[in-house]
Structure formats: structure tokens, C-alpha cells
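Reviewing the structure listed below.
What follows is calculated from the coordinates using simple rules that are stated; it is not laboratory data. Fair warning: this is a prediction, and the values are worked out from it, not measured in the lab. Please note: Cβ atoms are built from the backbone with ideal geometry, for glycine as well, and neighbour counts cover all protein chains shown.
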Amino acid sequence: MNKSPISFAKLLENTIAFDDPPDDEDNYAPSPLPIPSSSPSSNSTPPHIISGQRILPARPITQNPFTIFSQNARRSNTTTHAILNVASSLSPPADLILIQEPYFGKIGVNAQMAQGNPIADVLGTPKHRDWQAILPQSSSLSDPPDVMFYIPTKRAKWTFQIRSDIVSTSCLTCIEIKSDSDSFFVFNVYNDVDNGACDLLASLPAVPKRSIFLGDFNLHHPLWSSDDNLDKHNSRSDRLVELFAQNGYSVLNERGVETFFCYRHNPTLNRNELYTSTLDLAWSSNDLLRDITSFTIAHHLANGSDHYPCILEVGYEQSTRICGYSFKEEKAQIWCNSFTHHLRLLPPIPTHIHNTDTLKQAIDHLQSAAVSASDQVCRRREGKTRYASWFDSKVKTSLKDMRKSLLNLKLYPSQHNALRYHVARKQFNYQVAVSKRSHARAFAASVKPGTDLWRLTSWYKGVRKTTIPTLKAPSSDPKFPIWVSDSAEKADLLANSWFPVVTSSTLTDPPPHVFPPSPTRAWMPVTKEEVLDTLKKCLSDNAPGISGLTYRVWKWVAMVVPDILVAVVRTSLELGVHHDSWKQSLVAVIPKNNKTQVSATFFPWVMDDTE
């Protein structure tokens, strides 16, 4: 087949490598000047610097390290989707995703069912069932964010706290990671050509300890840049190095390991060349440096961006928090057998209870056996990360082909390999769109009467893991506000706001009766039928309280020991005694209208135990 002689050159001109401006602050112009004498040699690398390809030997790798995945997405929707799916498929999966230059725009439409209403676009960031997006507070279509976080929705090993009291801008955000051991901070940085993020870093009142700064710094310095990029070394990078050095921080990048690449025109040689540089950096405070087990520039995990991913692992102890329960009817018989076994290990409970001590002991034994049986039979397993439903074999193949063509471009730079890489990247973008469309059409074809159509738009939602931001104390001076970030302190602040302590005055005289008092009636003990019928009318899968046990569990208890359960309810009503566990509630914090920094903009949702 004959091809047009201009098709190859025309396709090259339309590729992103030639149209996009360089990601550096200066245009590409290789300098013929010799290396400055002040630049460090390869033998002068400090011993604390971690290589881009090896593991720091100062501390052994833990079984489950905290893994941070960071990459510049280049404002691309498909690249962001690739990052989310690749981070979920790592072994072990990533625990936190940092994205610079994320995609923020149209992700769907909101079709109004009423006639005459226009179809409105849904704006936001790409979604995934394993990840929840955390954006700066000022994010909008007119002011898109330059950085964002993705935190896991199904894995509760660590607790994430957005620290907007430290900094929260479109180019610099902070998140705190907490567990049973000491917490640490992660800063997501995107330093544009105006040096805004670095200037903001210099203006912080104090750079916190136990912190990691990770992102696209867009600067060159002999500490991390190769010899070919030292012509772009300027005073701004010197000020950044001086700022971190004064606060006890060390750079984790190995000198010369590239994090950025593109294929563009070299005006000096009048030809196209593969250009690489080191723009994505990681800085760690010295008190956290011993906990960092590895830092890698993942050249093999290119996701359609002109930046390589950075993967950092912290040997950090995870929280002892465990998952909840999953009570299903098919487990009823197994649960009842386990409950009977655990109940026999305890002192016997009488079917006739006459005093408070026996009542409390009976309730303790029932709850203990129910919790033990639930732990053994119905404990919910930790959610596993997976690819998205539409991320099928064709998408994986196109992603693999794109990475292979990128490797060929890196090993053998040429116009032909550059063309093959950018065609492969466009093919990957096209395949993502086709797979998502095919997934939606397949779902629509399977719709039957009674099908939940909204499930198509909520497939990515897992167990929601909403983080409560730093709160401002209402009693503090507006000019000098007091910020509360600790979980216990925030709980006290909200509790005092919702449930203030009120001193009740003692009444000297009882109030007069407006109506004559009701006649006294004889006490009629509740019957077994009343207790069991009332229990049947309760919702089986209601929101549990602190114990995590729902009414379904107590229906199972009524199947095993109905007489003991009826005796407990009857005696509690006769003596007017409530067990201490019945007086404790689990309070969920619900934000109002995205105003999330004042305690008055939250309201409580109280969940009592079902006993």
C-alpha cells in the first residue's frame, strides 16, 4: 500500500511531544559549558540519600510498609485512571496517592428527569472504587487544583487527617497519617514556573518535623540533576536546598536518575532528541529518615504521562483497628452453634432473675458470647483492591504496549520510536474511552424491571471513609484562632458543642398538676410472645452501635436461648435498671454544606446499641 510522503511528518507534528511547552522553567538548550567545580561528584553522595533503584539498609523492611505513590498526571483523565488502577494493583497496594496537575473537569452528566431542565455537566476528578479524592478547599473549574490526594476507601490500616491549618492551597497541601505509633506528615507539592510553591514553603511559620515533601518541584540543582541539566541551575533551587537544610531535611533522589522525559527539537543540533531531567523530588526530615525503607523512580510503570511515578515506602506500624461484621442469614446456623459453645464456657444464666447483680451478669455473659461468636463467624474481611470494572484486558494490553514503546524510545531515541510511543499513548486513551462506553452499554443491556439503575454511577464507591478536617475552636479569638487537629481533642470540642453541661436548679416545690394524676395500675409482666414479636418487627440490618451487633444477632440469640433473653428484658423493666453498655452511643459526625472547619457546621448522628 502506498502511503503519502507527508503523513509521517504530519503525524509527528501533531504529537504532544512537539506541541506541548517544556515542563521545565526554561526552554531546552544544552549547554556546552563544563561542569561547575562546586557540583558534587558521584563519590560524594551523602550516605543518607536513597537511590532511585535500591533499598535503604538502615532499617529492615516491615511486612506491611506504608506505600506512597506520586506522579504528575499532566491534566489527563486517562492518565489519572491509569494511576488509580496501577496503584491498586501493586503488591502490596499503595496506601496513599499524590497527584500533581490532576485532571479536574467533566466526568459525567446530571440528567434532570423533569421536562425542560437542561442536562448539567458533573465536574470533578476521576473516580475509583478503592480511592476517595481529597482536593484543596478552593478547587473549582476556574481555579483547578495543582495537587490532590487519593486515600483508600476499604483499608483501615491508618487514619488520614487533612491538615488545612498548616497549609491548604492549590499547589501545596498537607495530610497527616496516624496509627498506633507516632504520626507523620506528607506534603504534596507542585512548583510551577513562577516558583509559587517554594515561596509558600519559605513563608510557613515552621516546617513540621516527621514530614515528607513529595512532588514536582520543577527545579535543577547539582544535588539531584545530571550534568546535562546544570545549565538550568539558578538561585531559586539554591534557596530551596538552603531552606530544607536549615530545617534538617534530606533529599531522597539519587543524582542523575531522571523523572521527566520528552522528545523534542534541539535547536543547537537542529534535530529532535530525547530530553530527560530530574524534576520530581522527595524530601524527608531526619527524624523520619530512619523509617523510610525505599524510594524508587518506577520507570517501568509509565502511565501515559511525561513524568515517571515515584514510590516511597515507610516502615510504619499500622493501626490495630479491625473491620466490622457481616451478618448474613446463611451464616445463622454456624453462628448459633458458635454462640452456644461460647455461652457454655461461662457460668450458667438462670431463667428467673430477681436482683440487679444477677441481671448485669446475665447481660455481660450474653454480650460476651455474642461478640465472640461474631468474631469467629461473621468478621468482615479486609477489602482487596482491584482494577475498575471497565479496566479490561484490552486496556491492560494497550497500557503494556505504551510502556514497551516508551522503553524502546528510551533505549533507542529516534523519530520513529517517538512516533510509535505517542501513537501507542493515543491508542491507550482511545481504548479507555471505548472500554468505559462498552461497560455502560453492557450494563444498560442487562437492565430488567426492578434493576437499580443508580448502581452504574456508584460502582466505584466502597465503604466511605470521610475525614474530618482540622476544626477551629469557637471560643478562640478570630484574629488568632485555635486549631484542633488531634482526634481526641476534636471529639471533646464537638461533644461540648453538641451536649453542653447544663447545671439544673433544684426545685423546692413540685409543679402543680394541670390534670389529675392517672390512677395507679397493677404491674403486668411482659410476656414471651410480646418480646419475640417486638424483636421480629425490628430491622435486621440497622446501623449498629459500639458493639457492632445488629438486631439480626439478637434474633439469632432468641432462637438459641429465648427464655434467658425474655428474662433479661422482663427483669430490666421490673427493676428499672439499664445496663451500662446500653447508655453508651456511637456518634457519627455529619458535615453540612461543605462548611467543614467550624464545629457548628456539623450535626451528630447517634447510633445506640441494639441490646
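For segment 234-299, the residue among Asn286, Asn253, His265 whose Cα projects farthest onto the positive side of the dipole built from Cβ charges is His265. Compared with the rule-of-thumb size 2.2 N^0.38 Å for a compact globular protein, segment 391-437 has a Cα radius of gyration ratio of 1.18. Here's how it looks for Glu254: its modeled amide H is under 5 Å from those of Gly52, which are all 5 or more places away or on a different chain. Using a cut-off of 31 Å between Cα atoms, the listed pairs Lys154/Lys436; Lys106/Lys396; Lys178/Lys404; Lys178/Lys328; Lys536/Lys583; Lys154/Lys555 include Lys178/Lys404; Lys178/Lys328 as exceeding that distance. Fully extending the segment from Asp492 to Leu532, taken as 0.36 nm per residue of separation minus the present Cα-Cα distance, adds 10.5 nm.
Each other residue within a Cβ distance under 14 Å of Leu135 adds +1 if Lys or Arg and -1 if Asp or Glu, for a net charge of -2. Between Val423 and Ser518, the simple spin-label model (points 7 angstrom out along Cα→Cβ) gives 8.6 nm.
Close amide H partners of Thr153, meaning residues 5 or more places away or on another chain with modelled amide H under 5 Å apart, are Trp131, Gln132. Coupling constants for segment 537-542 follow from the phi torsions by the Karplus curve (6.51 cos²θ - 1.76 cosθ + 1.60, θ = phi - 60°), and in residue order they are 7, 6, 5, 6, 10, 6 Hz; glycine and proline get x.
When Tyr430, Tyr263 are arranged by Cβ crowding within 10 Å, least crowded first, meaning fewest neighbours, the order is Tyr430, Tyr263.
Could you pull out the chymotrypsin sites (Phe, Trp or Tyr not before Pro) across segment 522-568 that fall in loop regions by DSSP (anything but H, G, I, E, B) with no more than 14 other Cβ atoms inside 10 Å?
Details: sites: Trp523, Tyr551, Trp554, Trp556; in loops: Trp523.
For chymotrypsin sites (Phe, Trp or Tyr not before Pro) across segment 522-568 that sit outside H, G, I, E and B with at most 14 neighbouring Cβ atoms in 10 Å, the list reads Trp523.
With Cα atoms defining each centre, segment 159-181 and segment 512-544 are spaced 49 Å apart in the structure.
How much FRET efficiency would the formula 1/(1 + (r/R0)^6) give for Arg381 and Asp608, where r is the Cβ-Cβ distance and R0 is 35 Å, rounded to 0.05? After rounding to 0.05, the efficiency reads 0.85.
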